[in-house]
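Undergrad: Please find one structure pasted underneath; my questions will follow.
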Amino acid sequence: MTKITPQPGIMEIALYEAGEARVEGVRDILKLSANENPFGPSPDAKEAIAATIGQVHRYPNTDHGPLRRAIGEIHGLDPERIICGVGSDEIITFLCQAFAGPGDEVLHTEHGFAMYPISARAAGATPVVAKERERVADVDALLAACTERTKLVFLANPNNPTGTMIGGNEMTRLADGLPEGAILVIDAAYAEFVGEYDGGAGLATTRDNVVMTRTFSKLYGLGGLRIGWGYGPKPIIDVLNRIRGPFNLSEMQMAAAEAALRDRSWAERCITENTRLRAWLSHELAALGIPSDTSCANFILARFADRAEAEAVDLHLKSLGVIVRRVAGYGLPQCLRITVGDEAGCKRVVDGIRSFQEGRP
């Protein structure tokens, strides 16, 4: 028998399952399982990608200076306190690698993003779950779950897959109530879809124990290129840069991200359409007797009578070429997460669920 074994905790990691993208025997596929922007990236971003192709034999710069400065300019942040990564997932990994290990605890909410416990276990730390209240983060529960071993507290705000969020006063109370030496990580991947919300940047600016993470995968439509960033106290960012690979982002990634960020008209159009169609989809689902919490993201978490009904609806939609996301792995077996698509896509979802209901005995 082999004596080659992984580090403790690694085999406890459940493999991450991405949203499905195809259905056997069905051609006209509408993918609404991964919270992607249905309008794609900015035309400027596409041009920037094309412009870098002739230089792919060159190593990229290592400090991401132009992209960090662009992020700082658009968001009013200090570029020296920004780190860029291969999606915000990599920033999450860096945080666990740098600040948590064997004997430490990493806290997250009941229906939080699957990468939190995965990254915690990969670093040898123990993930700890705090109960939510009706699919909304409960600050009292999070604070009660903290111990002297707590090193990181991950909170997606808005949360995936629930779409819910807590307000600024509650976020401040959480940050100020953490034990000494613990870091609050505000995962703001969906911040752009909220409206007047800085994603936690203000807290990360004024507190020495708060880090914010962001992504170009959602609003900016660059999920396939994997680009994210983090912002926080410079001492923490300096630590993360010590373990960041020097060439973790290519020139193509950085050029595309900067172009997407600077094309404000495209971003605003996508936000406007998401807001309009999110409200329409939620209203139409409610009219069919399918409730959902008020979503602050680019998806709806539809709730069905039970797991059996949710799975039956999912299979029916798949037969029509519409792919949504089961979220039993997040502790929500009676729910389906449905990305807000374009207008035609949203209508296909509603029509598909209506046809399921009409076909039931």
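Undergrad: Step by step: first the residues of region 121-137, then only those that are among the basic types (Lys, Arg) and crowded, with 17+ Cβ neighbours inside 10 Å, then the one that is farthest from the chain's Cα centre (by Cα). Which residue is that? Can you show your working first?
TA: Applying the first criterion (among the basic types (Lys, Arg)) to region 121-137 yields 121, 131, 133, 135.
Now restrict to residues that are crowded, with 17+ Cβ neighbours inside 10 Å: 121, 135.
Values: ARG121: 19, ARG135: 16 Å.
So, considering only residues that are among the basic types (Lys, Arg) and crowded, with 17+ Cβ neighbours inside 10 Å, the one farthest from the chain's Cα centre (by Cα) is ARG121.
Undergrad: Quick check on my filter: what residues within region 91-117 are in contact with a Cys (Cβ under 9 Å, 6 or more places away or on another chain) and assigned to a helix (DSSP H, G or I)?
TA: Within region 91-117, ILE91, TYR116 meet the criteria.
Undergrad: How many residues are touching a Phe, Trp or Tyr at 6+ places or on another chain (Cβ under 7 Å) and surrounded by fewer than 23 Cβ atoms within 10 Å (Cβ to Cβ) if we restrict to region 245-260? Break it down into steps so the answer makes sense when it comes.
TA: Restricting attention to region 245-260, the residues satisfying the condition of being touching a Phe, Trp or Tyr at 6+ places or on another chain (Cβ under 7 Å) are 247, 257, 260.
Still in the running and surrounded by fewer than 23 Cβ atoms within 10 Å (Cβ to Cβ): 247.
Matching residues across region 245-260 total 1.
Undergrad: Going through region 22-75 one residue at a time, which ones are in a helix (DSSP H, G or I) and hydrophobic (A, V, I, L, M, F, W, C)?
TA: So in region 22-75, the residues in a helix (DSSP H, G or I) come out as 43-55, 65-75.
Those that are in a helix (DSSP H, G or I) and hydrophobic (A, V, I, L, M, F, W, C): ALA45, ALA48, ILE49, ALA50, ALA51, ILE53, LEU67, ALA70, ILE71, ILE74.
Undergrad: Does any residue in region 329-352 that is within 20 Å of ASP306 (Cα to Cα) and without any contact (Cβ under 8 Å) to a residue 40 or more places away in the chain come within less than 7 Å, Cβ to Cβ, of a residue that is outside any loop (DSSP other than H, G, I, E, B) and among the acidic types (Asp, Glu) six or more places away or on a different chain, and which pairs are these?
TA: LEU336/ASP314
Undergrad: Among the candidates ASP208, ASP238, which residue alone is surrounded by fewer than 22 Cβ atoms within 10 Å (Cβ to Cβ) and touching a helix residue (DSSP H, G or I) at 6+ places or on another chain (Cβ under 8 Å)?
TA: Exactly one of ASP208, ASP238 is surrounded by fewer than 22 Cβ atoms within 10 Å (Cβ to Cβ) and touching a helix residue (DSSP H, G or I) at 6+ places or on another chain (Cβ under 8 Å), namely ASP208.
Undergrad: If you don't mind, another one. For VAL106, indicate whether it is in contact (Cβ under 8 Å) with a residue 24 or more places away in the chain and surrounded by 22 or more Cβ atoms within 10 Å (Cβ to Cβ). Let's see the steps before the verdict.
TA: Details: in contact (Cβ under 8 Å) with a residue 24 or more places away in the chain: yes; surrounded by 22 or more Cβ atoms within 10 Å (Cβ to Cβ): yes.
So VAL106 fits the description; yes.
Undergrad: Something else about it: I want to confirm something. Restricting to region 52-103 and keeping residues that are within 19 Å of ILE243 (Cβ to Cβ) and β-branched (Val, Ile, Thr), which single residue is surrounded by the fewest Cβ atoms within 10 Å (Cβ to Cβ)?
TA: Looking at residues that are within 19 Å of ILE243 (Cβ to Cβ) and β-branched (Val, Ile, Thr), I get THR62.
Undergrad: Restricting attention to region 107-117, and to residues there that are touching a Leu at 6+ places or on another chain (Cβ under 9 Å) and not polar (S, T, N, Q), which single residue is farthest from GLY163 (Cα to Cα)? Outline the logic, then answer.
TA: Here is the first cut: in region 107-117, the ones touching a Leu at 6+ places or on another chain (Cβ under 9 Å) are 107-109, 111-112, 116.
When the remaining residues are screened for being not polar (S, T, N, Q), the result is 107-108, 111-112, 116.
Numbers: LEU107: 19, HIS108: 16, HIS111: 11, GLY112: 11, TYR116: 17 Å.
Among them, the one singled out is LEU107.
Undergrad: If you check GLU180 against the conditions, is it free of Cβ contacts under 8 Å to residues at least 24 places away in the same chain, assigned by TED's automatic domain parsing to the domain that holds ASN61, over 25 Å from LEU107 (Cβ atoms) and among the acidic types (Asp, Glu)?
TA: Judged against the criteria, GLU180 is not a match.
Undergrad: Another question, then. Return the residues of region 317-334 that are more than 20 Å from LYS131 (Cβ to Cβ) and either touching a strand residue (DSSP E or B) at 6+ places or on another chain (Cβ under 9 Å) or acidic (Asp, Glu) (or both); say none if nothing qualifies.
TA: Matches in region 317-334: LEU317, LEU320, GLY321, VAL322, ILE323, VAL324, ARG325, ARG326.
Undergrad: Go through region 268-288 residue by residue and tally those that are in contact (Cβ under 8 Å) with a residue 12 or more places away in the chain and either loosely packed, with under 15 Cβ neighbours inside 10 Å or not assigned by TED's automatic domain parsing to the domain that holds ASP342 (or both).
TA: Result for region 268-288: 2.
Undergrad: Within region 192-204, can one find any residue that is hydroxyl-bearing (Ser, Thr, Tyr), in the same structural domain as MET165 (by TED's automatic domain parsing) and within 24 Å of CYS296 (Cα to Cα)?
TA: Yes; the residues of region 192-204 include at least one that is hydroxyl-bearing (Ser, Thr, Tyr), in the same structural domain as MET165 (by TED's automatic domain parsing) and within 24 Å of CYS296 (Cα to Cα).
The values are calculated or read from the model by the stated rules, or taken from the named source; none is laboratory data. Just so we're clear, the structure is a prediction, and the values are computed from it rather than from any experiment. Heads up, the Cβs are rebuilt from the backbone with ideal geometry, glycines too, and the neighbour counts pull from every protein chain shown.
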